[in-house]
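The values are calculated or read from the model by the stated rules, or taken from the named source; none is laboratory data. Note that the coordinates shown come from a computational prediction; the quantities given were computed from them, not determined experimentally. When we count neighbours, we look across all protein chains shown, and the Cβ atoms used for this are built from the backbone with ideal geometry, even at glycine. In case anyone asks, the SASA skips ligands and DNA or RNA and just uses the protein heavy atoms, side chains included. Shrake-Rupley method; radii C 1.70, N 1.55, O 1.52, S 1.80 Å.
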Amino acid sequence: MADFVQYLTLPFLVEGLWLTLRVFAASMVGGLVLGLLVALMRLSPYRALSVTAWLYGWLIRRTPVLLPLVFLFDALPAVGLMMPPVTTLIAGAQFVLERRVSPDAERGRRPLGESALGRFFGFRLQRGSAAVEAVPPRPQTVASDGGVAAGAGRVDLVDLVGAQAARTSSEDGGPFVRCADVWKAYGHRGVLLGIDLTVHRGDVVTLMGPSGSGKSTLLRLIAHLEPLDRGEITVGGEYVGYERVDGALRPSRHVARERARARIGMVFQQFNLFEHLTALENICEAPVRVHREPPEAARERGAKLLASVGLAHHADHLPSRLSGGQQQRVAIARALAISPRVMLFDEPTSALDPELVSEVLGVIRRLAEAGMTMIVVTHEVRFAREVADRIVFMADGRIVEEGAPEEILERPREARTRQFLQLVSH
């Protein structure tokens, strides 16, 4: 032990520790200053400053972190520009740390003053003026979640999405979502073993069954969040993420574009909101960045969607300031913002306290009234009875039976179904 302590006090280790602390402190200060400078320049109303910051972001942020370090340590000395090693290390670390300080500077579609930087310091840069205007905190209006701002009309979710999802659609009466002989395995464990499922436009289909039966995996395959191993899935008569070549399905080269075109909305168990974005920004992200909608139109529709789920007064709140039920309702509004043709719900109430479950189920009920095509994974027997057009019971990667709610819940044919319903009914 004495030898170890003596080793720790050797001069070269003490010098190395002191050097590390100096590099860390200088890099933190330099990175903070550089990041704030780039962010302020990007938000500047003066085009020269804004373009300079954009060029910096395009050159530095879109290259791997290793390249600036290689440039500082190898390229500059090769042309005769030598810097002390410590200075070079500090400069390289500043480039890395700057990325963590001002990533919001590149969010060019966001209105001025609404970046994380602007919210943190509470300022807004006005166009046509170099002055920085202080913006006092907006008073919060106390209202229940179900309420809407005073003076604002009640926004009905049925009216908002019904035009896109009415059951009286003019499309043909064929299956809207079709899964044919779908297989999926993780390693040697088969999760889906030959699933055949059809969902017609306007139908509400609930998937029920024990954990591990493949319900969530099936939803992820429909949305093409994961590739399938065998079989085929179509949405609206078209493949998502695949194309048929010489009679065989091949992965498409334009997966992102096809996902956007399919307009499949999905709500996850754990909300999956962007923690650094407000509720309204979460909703506007996909319409603006994926579907290229004008930011103003996306924000207007996002505000209406928030009002329709009873969260009009929470538009500027980060997810950390929202309850679980509120976060899930924001997630539903986010999925609806792309005008989806079908909605997938992966146990939307499983992560919620019992008293919050009714908030989310109420929103899904109203979507059903609007005629939205939905596939819902749930263990809520009462909800399935009231809302579903058809219940599909799955176990061990297969569909055990399916039928109308009263048939499956009251007169199940299979012993496995009866066993499961006895467990969830108690």
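Taking the alpha carbon gyration tensor of region 247-298, what are the square roots of 5 times its eigenvalues, largest first, to the nearest whole Å?
Numbers: eigenvalues 136, 50, 14 Å².
The three semi-axes for region 247-298 are 26, 16, 8 Å.
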5 Å-binned pair-distance histogram of region 309-349 (Cα, whole percent): 5, 21, 32, 21, 15, 5, 0
Relative packing of peptides 266-278, 358-370 - highest average C-beta neighbours within 10 Å first: 358-370, 266-278
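Within the set of other residues whose C-beta is less than 15 Å from the C-beta of THR9, count the net charge using Lys and Arg as +1 and Asp and Glu as -1. Could the numbers behind the result be given before it?
Numbers: positive: none; negative: ASP3, GLU15.
So the environment of THR9 carries a net charge of -2.
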Added length on full extension, which subtracts the Cα-Cα distance from 0.36 nm per residue, LEU55 to VAL290: 82.3 nm
Order by protection proxy (mean Cβ within 10 Å, highest first), peptides 218-231, 410-423: 218-231, 410-423
Share of Cα-Cα pairs in region 320-426 lying beyond 24 Å, as whole percent: 29
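What is the sum of charges around LEU305, taking Lys and Arg as +1, Asp and Glu as -1, for the other residues whose C-beta is under 11 Å from the C-beta of LEU305? Working shown, then result.
Values: positive: ARG299, ARG301, LYS304, ARG329, ARG334; negative: GLU300.
For residues surrounding LEU305, the net value is +4.
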Percent accessible area from carbon and sulfur atoms, region 212-313, protein chains only, probe 1.4 Å: 50
Built amide H within the under 5 Å cut-off of SER252, gap 5+: TYR242, GLU243
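What whole-number value in Å² describes the accessible area per residue of region 250-320 for a 1.4 Å probe? Show your work: numbers first, answer last.
Details: 3410 Å² over 71 residues.
On a per-residue basis, 48 Å².
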Virtual spin-label span in nm between MET1 and ASP353, 7 Å along Cα→Cβ: 4.9
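Region 300-379: percent of C-alpha pairs farther apart than 14 Å?
On the way: 1933 of 3160 pairs.
Tail of the P(r) past 14 Å holds 61 percent of the pairs.
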Spatial extent of region 193-297: Rg and Dmax, with the Cα atoms as the point set, Å: 16.0, 47
For region 249-384: rounded, prolate or oblate by the Cα gyration tensor [a/c cutoff 1.5]: oblate
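Quick one: which of 13-25, 306-318, 322-334, 37-49 comes out on top by average Cβ neighbours within 10 Å, and what's the full order, highest first?
Details: 13-25: 11.6, 306-318: 21.0, 322-334: 24.0, 37-49: 17.5.
Most protected by this proxy first, the peptides run 322-334, 306-318, 37-49, 13-25.
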Probe 1.4 Å - accessible area at LYS304, Å² to nearest ten: 90
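Around LEU192, what is the net charge, scoring Lys/Arg as +1 and Asp/Glu as -1 over all other residues with Cβ under 14 Å from its Cβ? Please report the intermediate quantities before stating the final value.
Values: positive: LYS184, ARG189, LYS215, ARG220, ARG230, ARG398; negative: ASP181, ASP196, GLU226, ASP229, GLU232, ASP396.
Residues near LEU192 contribute 0 overall.
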